[in-house]
Amino acid sequence: MAKAVTELEYLGMSGWQKFCYRFVTFFQRLPAVILNFFRVTIPGLGRRIWNAIKSVFRTIWNAAAHGDWKTRFSFVIFGFSQFANKQIMRGLLFFVFEFLFIIYMSLFGAGQLRYFSTLGEVERTKPGWGPNGEMIEGAVGDHSLLILLYGLLTILFILAFIYAWYASVKSAYAVQQYKEANQHLSTAKEDIKRLADAQYHKTLLTGPLIGLTIFTILPILFMIFIAFTNYDIDHLAPEYLFTWSGFNNFKALFDGSYGKGVEFGRVFGQLLLWTVIWAFFATFSNYIVGMIVALMINKKGIRLKKLWRTVLIMTIAVPQFVSLLLMSNMLGDEGVINKLLQTWGIIGSPIKFLSDKYLVKVTVIVVNMWIGIPYTMLMVSGILMNIPADLYESARIDGAGPVKMYFKITLPYVFHVTTPYLISTFVGNLNNFGVIYLLSGGGPTMSRARSGGAGESDLLITWLYKLITDKKTYGVASVISILMFLLTSILSLIVYNRSKAVKNEEDFM
Amino acid sequence: MRKRYISLIVCGALAASSLAGFAACGDGNKNGKPKPDAGTADDPIVLTVWASNDQQESVKQMCEAFKAANPDKVYDIKFGVVGESDAKSKMEENVQAGADVYGYAGDQTAALYGIGALSEVEPAVAEELRTRTGATYQLTLANGKCYSYPYAGDNGFFMYYDSSVVSAEEAKTLDGVIAACKKAGRKVHFDYTNSWYALGFAYGMGATYSYEWSGSKPTGFTTTLGDKGPDGVHSYLEYNGQMLKELAAEPTIQKGDDSVIGSSLNTRTVGAIITGTWNAGKVKAGFKAGWPSATYKDGYAATTLPKWKSSLDNKYYDWATMAGGKCYGVNSYSKNLAEAHKLAQFLSSDEMQLKRFQDNNIGPASATVAAMDEVQSNLAIATMLKQKEACSVTDGSKPQSYWDEAGSFATDMTGGTVTDLADRAAKMIKAMKDAVA
Amino acid sequence: MATKTKKKYRSKKAVERGTNIAIYIILVIISVVWLFPYLFLILQSLRGEPGATTNYFFPKQWTFGNYIRLFQNKGIKMANDGSTFVATTGQYNFLRWYGNTLLIAIVVTVVQTVIVVATSYALSRLRFRMRKPLMNLMLILGMFPGIMSMTALYFLLELIGLTQKMSILGLILVYVGSSCMGYYVCKGFFDTIPRSLDEAARIDGANRQTVFFKVILPLSKPIIIYTILTAFLGPWGDYMFASLLTMGQPDYWNVAVGLRDMIQRESLANWQDGFQRFCAAAVIVSLPITILFFILQRYYVEGVTGGSVKG
């Protein structure tokens, strides 16, 4: 436990001591930070959302209560008030949106929503053969999965529609107030000008955000909703229907009753531990060794700097899956490396790189280093090349030796610049599917019974993949995904928002 | 004030009712009975067929023959490239968009049936299949009924041997083979830690296993592997485990996958190989006269699995192979179900099985075709079919847990770490049972 | 006195030379270790003997045949009697896969660069109410395990009909759809451009759009090239989703799906030169990317170091 250090003492410590101190105090402060997050930030967020909702209702109330007939008509026909007040373009935009929405709902959306509460009622009838050898036709039933997905899509559209309704009403009322105050109503031309200037963010972000909503947010919502259904191997759509099951999956995860003999809770905990250990070692091994390599290449007396750098850069360019497939091939029990070692007589029987319980964990981290060090080396090289030389000069004048300079100048500088990179890499490694899956396929299957097919080198995310493709326990897999997400996102939010890079965002400019 | 409230309510009602109105109309669900194509020139019967990459040409020709055999209807047959072992995962992705007729590996029947990718075969046709294909018919069963058309029946293993080193008499028993190879300085290749090969000894003694399925989910596992064997003390599985242990300790035995077979054939350091028909070409080339150097003689030979002697009671027992195969399934979501069944039946008929043998060397499932001279002249396939009839156990649908547990049993037995044979054997059976309890 | 300093000077130099030699040795070892697998890949692609794996490193026969057969979509099969012959690889069409992936990569590069740069600029320079919440939202959206989202996206695309034959368009749409989440590095770069430049331009009467195009973009060449590079690299490695969209239609595969299929056990068993052709294909895929990377490495470094590397 590091005791509290005074300001003076802190400045007097060497770089290494400072690092240790900050490292230890980080973990000491972590519980308080997390508690603070839940006690202050979330309620704060909740309060802000509540205020926003209140203001929305207030606006609508005002518009309905104080609006003239044009405004009130805008409740039903969007853009009417604007249209009537010569804001033709705005009015038209609102109206077209309403029109499209109505078409969508009547042709497609409403039908999907009708069955949303039950996720389908008509069961499938299989085709077969009757007693007299005649063929019985089958009938396709409701497809629960599609009902859920398209229903969600429709709900999103409805939410967009409600927002458009609110915007139209608000704008209609504003138009009326402007007219009453004899203020100028912006024309179409002025609107366009504003879109290029004060409202430029709308121009830039509308397209990307729509894409984000449909291609990221919708699938995530879909996955979250699956966690509340009983979609699993007994209920495979479209052969069978599945329906809402509330919190059953959550309960089953924690009391181990689900999955007929798979101790989900225990496996989850075991894999979580390995996932965190993996992320930690993967990130920091790459970082530290990459830095060492960069330092070596960058050292004053070394020639052919570009050559060494190029050799490592070439390995980045090969697509990662090719490298991983290759390594997986070469490190197998019958792979090239074992063959060569045996031919040269170094070993008698093959080394179980990927099939031994403990060795596979080491192998995976080492191979990840092989893949990742060129990146970190490159990055650190770039930083090293741009540390102001006068820092070193003044240190040398003060009589500092090379080692001292590395620890007091180089290390802190590099560490400071790469902190955001380290954070994002750590979080990225928690979900690093490709390396583990392509290399070891999750590693040798756990020999302990009732492990649900989890392997020794499985991360939570690769185990998730196995649950989905092999065992088809979609519901529980979704619950696990949600838990993973909560863990990583809360951690990231805290660290990211407190990190210097974000705090000093304004300072940078 | 009241006027405002009223107007507010009217506005709200107007908005809400327009929304609610749409809920009544439009049924977005596509369910109901599919309407099959008519089969005329402007409404041809569209069928999609999946076959593996190697068989594409051959299957295309077969479909042309099918069209010629059915001139009264117009067909439009499309093709997709999906290997038999991939068929299950592709169907699982989206069964409604899957092929109408597709070839799949026989042990996927339960999983495919569970997601609705298989439709029942007409009982009269099923009966005909049963009499025609014998052991492979077992693979098509789900819920006791036949759900696919078997067309290949050569998945399993037997023994190739170099007749210049091992005589036919010696090849009758495993210790004979080992002794002969040891004398000639050769190895015997047997991948004993591979869960597919590992339990052949127990099954050869007559042990059985079976899984009950509910849809795609295994619900029960019954086996006689744990029953007491002939000596009344050890179970079949223990016999098997003991044999594995001894084989692992025998230096003449080498294990490994196909690449090891390949490299030891290149140097002709192997004298006998336990493997299947897919390596026939390699083995033939490896046991040829003059390979790898002039002193070597011709030696391509194959036979059914030799008898093995157990050290527990010094008796000889048979050795069983896993008998698998491939079948054509008809997607139950197919729009043209009756026509798809016709096509599948055609593709699995005797003539087509013969053609498949001629084009791609695929061993037939039909006993009639198997008895033909042309097929019998292919030593590997003939031996495989003979082994299947002589001593085999159906390689039917099994959950992954079977393979995992059998594999770890074999690894433990051959790793030299097991002290209590009975205990380890009982653990494997219990684990397999627990996994599907 | 003079001898003493001389001695100290010489030993210091000796120490430094010793360290340098040690470092050279380590660097050589590192280079060998890093290049070893790729050397293996290249050597295997030039190997003439049949068979998947060998227990020796250098090929005994050297040939370009694997490359030629790869482009002709042919391979070496073993007949029933042990002789080998050249046969077509069925439906495999490597050039087609390469073309598909190249097309996807080019389109994705263009669209993704536009989206990322636009998003980064908006988040970096423009101030609006939802800015911070939006950044936090995008941060955590990336943390969801994306496995089930593939199913959802597949069915969404199927609804619009962008699977199978139109899968190229579908893939492009999915790749660029969420690309705005990758604003992080680009925004970091924009943050380091001094605001004073912006203000000077605005005083001269430029609106924000003009500032973007006339002031910021010209200064952003390094980061734009970095964005282009990373956008281009993306589609080459996507196996899962591409295989999902193109169920059973090898003509529409991308190189990742094709390569994965080539290295399946069955493919290797059926073809005598399967592994060699796989290595050849891998080399062909990696080569242009390597060259591109080599030429543009400076920009990559500038991007990753967040613009702290400035001239």
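Observations on the model:
- 10 Å-binned pair-distance histogram of segment A:264-508 (Cα, whole percent): 7, 24, 29, 23, 13, 4, 0
- Flagged links, alpha-carbon separation over 26 Å, of B:90/B:398; B:35/B:90; B:182/B:282; B:78/B:282; A:339/B:182: B:78/B:282
- Beta bridges per DSSP with both ends in chain B, % antiparallel, nearest 5: 65
- For chain A: rounded, prolate or oblate by the Cα gyration tensor [a/c cutoff 1.5]: oblate
- Residue exposure proxy: C:279, B:63, B:327, ordered by other Cβ atoms within 10 angstrom of their Cβ from fewest to most, comes out as B:63, C:279, B:327.
- Peptides A:94-105, B:377-388 ordered by packing proxy, namely the average of other Cβ atoms within 10 Å per residue, highest first: B:377-388, A:94-105.
- Between segment C:180-203 and segment B:91-137, the C-alpha centres lie 61 angstrom from each other.
- Under Karplus coefficients 6.51, -1.76 and 1.60, residue-wise ³J(HN,Hα) of segment B:188-200 in Hz, glycine/proline x: 10, 8, 8, 7, 6, 8, 7, 4, 6, 8, 5, 9, x
- Excluding same-chain neighbours fewer than eight residues apart, the lysines reachable from residue B:228 by a Cα-Cα span under 22 Å are B:245, B:307, B:309, B:315, B:427, B:430, B:433.
- Candidate aspartates and glutamates - alpha carbon under 15 Å from residue C:214, same-chain residues fewer than 8 apart omitted: A:197, C:198, C:199, C:204
- The Cα atoms of segment C:214-257 define a convex hull whose projected area, averaged across directions, is 4.1 nm².
- GNM flexibility winner over chain B from B:270, B:330, B:74 (Cα, springs under 10 Å): B:74
- For residue A:70, the lysines whose Cα comes closer than 17 Å to its Cα, not counting residues fewer than 8 places off in the same chain, are A:86, A:170, A:179, B:3.
- Relative contact order of chain A, defined on C-alpha pairs under 8 angstrom at six or more residues apart (%): 15
- Ranking of B:88, B:288, A:357 by neighbouring Cβ atoms within 10 Å, starting from the fewest: A:357, B:288, B:88.
- Förster radius 41 Å - calculated FRET efficiency between residue C:130 and residue A:69 (Cβ-Cβ, nearest 0.05): 0.75
- Under 5 Å, built H, 5+ apart or other chain: amide partners of residue B:50: B:80, B:101, B:102, B:103
- Farthest towards the positive end of the charge dipole of chain A, among the residues A:92, A:287, A:327, is the Cα of A:287, using unit charges on the Cβ of Lys, Arg, Asp and Glu.
- Projected-area mean, segment C:94-304, by convex hull of Cα positions, square nanometres: 14.0
- Residues listed by number, segment B:203-227, amide nitrogen under 14 Å from residue B:315 label point at 7 Å toward C-beta: B:204-207
- Packing-based exposure ordering (other Cβ within 10 Å, fewest first) of A:121, C:199: C:199, A:121
- Extending 7 Å from Cα along the Cβ direction at residue B:130 and again at residue A:157 yields two label points whose distance is 5.2 nm.
- Of B:332, B:390, B:253, farthest towards positive along the dipole that unit charges on Lys, Arg, Asp, Glu beta carbons give chain B: B:332
- With the Kirkwood sum run over all distinct C-alpha pairs, segment A:130-253 has a hydrodynamic radius of 19.4 Å.
- Each Lys and Arg adds +1 at its Cβ and each Asp and Glu adds -1 at its Cβ; summed about the Cα centre, chain B shows a dipole of about 920 debye.
- Put the Cα centre of segment B:146-214 next to the Cα centre of segment B:349-396 and the gap is 17 Å.
- Each principal axis of the Cα atoms in the protein assembly as shown has its own extent, and those three values, largest first, are 109, 109, 57 angstrom.
- For chain A, the residue among A:475, A:317, A:406 whose Cα projects farthest onto the positive side of the dipole built from Cβ charges is A:406.
- Near-label residues of segment B:285-329 by backbone N, under 19 Å of a point 7 Å along Cα→Cβ of residue B:372: B:326-328
- For the pair segment A:361-416 / segment C:213-257, the C-alpha centres are spaced 31 Å from each other.
- At q = 0.11 Å⁻¹ the log10 of I(q)/I(0) for chain B amounts to -0.90, computed by Debye summation with a single uniform scatterer per C-alpha, solvent ignored.
- Exercise: per-residue mean of other protein chain Cβ atoms within 10 Å, B:402-413: 2
- The protein assembly as shown, dipole about Cα centre (Lys/Arg Cβ +1, Asp/Glu Cβ -1), debye to the nearest 20: 6620
- With R₀ fixed at 60 Å, the C-beta to C-beta distance from residue A:400 to residue A:181 puts the FRET efficiency at about 0.30.
- Per residue convex hull volume, Cα atoms of segment A:42-182, in Å³: 158
- Seen from a random direction on average, the alpha-carbon convex hull of segment A:102-160 projects onto 4.9 square nanometres.
- With R₀ set to 35 Å, the beta-carbon distance separating residue B:222 from residue B:69 gives a calculated FRET efficiency near 0.20.
- Kirkwood Rh, Cα atoms: Rg over Rh of segment B:348-425: 1.21
- Across peptide A:227-239, the average count of Cβ atoms from other chains found within 10 Å of a residue's Cβ is 4.
- Helical content of chain A, expressed as a calculated mean residue ellipticity at 222 nm, amounts to -21000 deg cm²/dmol (DSSP H runs of 4 or more residues, -39,500 (n - 2.57) each, divided by residue number, nearest 500).
No value in this document is a laboratory result; all are computed from the given coordinates. Please read all numbers here as calculations on a predicted model, not as lab measurements. Note: ideal-geometry Cβ built from the backbone for every residue, glycine included; neighbour counts use all protein chains shown.
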